[in-house]
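One structure below.
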Amino acid sequence: MALFRNTASRPKTPDFSNLLTTGSVAGLAVGFPFILANMIYATSQSGPFPNAPKLPAIAPFLDIGTIFYFDDMPQLTDPGYPLVGLIMHFSLSIVFGLIFALVVVPLLRNASLLLIGGIVHGGLLYIVNYQILGRVVFEWFDPSSPMGPNPWFGLITHLGFGLLLVPFFLNQGKSGSS
């Protein structure tokens, strides 16, 4: 004789395997519009010197390469530098998607709260990446430096990153396991 449990009153425990998979996919997928926005923005900007030509589309990958190498400035003579920046960018995107999946999603279960969580997540990424690490460890990302990134554009893109993660998690926990 089987006993039935009343599971309706208990909160559903998160499926961490699904959260890991969705977080990885979401971070990777959202990394594309994020870097595309940065590439478009870069091509609209002039270099840091007077009468400098517009920056190339690969400029964000050169910038992100400084994180991997811990360089003070991008190394323009290394042909592998943009590839390292590309790998670093998407690796960080996956990590940030996983953090959202494992920290924010289990705490905030409805769409409205997830939207707020996405904004907070993006804002915290900006604060940690630019305002803390950029000023302390990765000086190339210091928004107060004349050669540093545009702080408003960085804030908007990081908030967008957090918001774009949300749709990947809207159905988490709504259907039973099959």
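Here is how the numbers come out for the structure above:
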item	result
Hz values of 3J(HN,Hα) by residue in segment 148-159 - Karplus curve (6.51, -1.76, 1.60), Gly and Pro given as x	x, x, 5, x, 5, 5, x, 5, 4, 5, 6, 4
Estimated dipole of segment 7-158 in Debye, rounded to 20 [Cβ of Lys and Arg +1, of Asp and Glu -1, Cα centre]	640 debye
Under DSSP loop assignment and at most 15 Cβ neighbours within 10 Å, longest chymotrypsin sites (Phe, Trp or Tyr not before Pro)-free interval of the chain	71-178
(i) 15.3, 43; (ii) 19.6, 83; (iii) 19.4, 72, with the label sought being that of the calculated Rg and Dmax of the Cα atoms in Å	(ii)
CD proxy at 222 nm, helix term only [per DSSP H run n ≥ 4: -39500 (n - 2.57); per residue of the chain; nearest 500]	-17000 deg cm²/dmol
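Just so you know, all these numbers are worked out from the coordinates, no wet-lab data involved. Because the structure is predicted, anything quoted here is derived from the model rather than measured. Methodologically, a virtual Cβ is constructed for each residue, glycine included, from the backbone with ideal geometry; neighbour enumeration extends over all protein chains shown.
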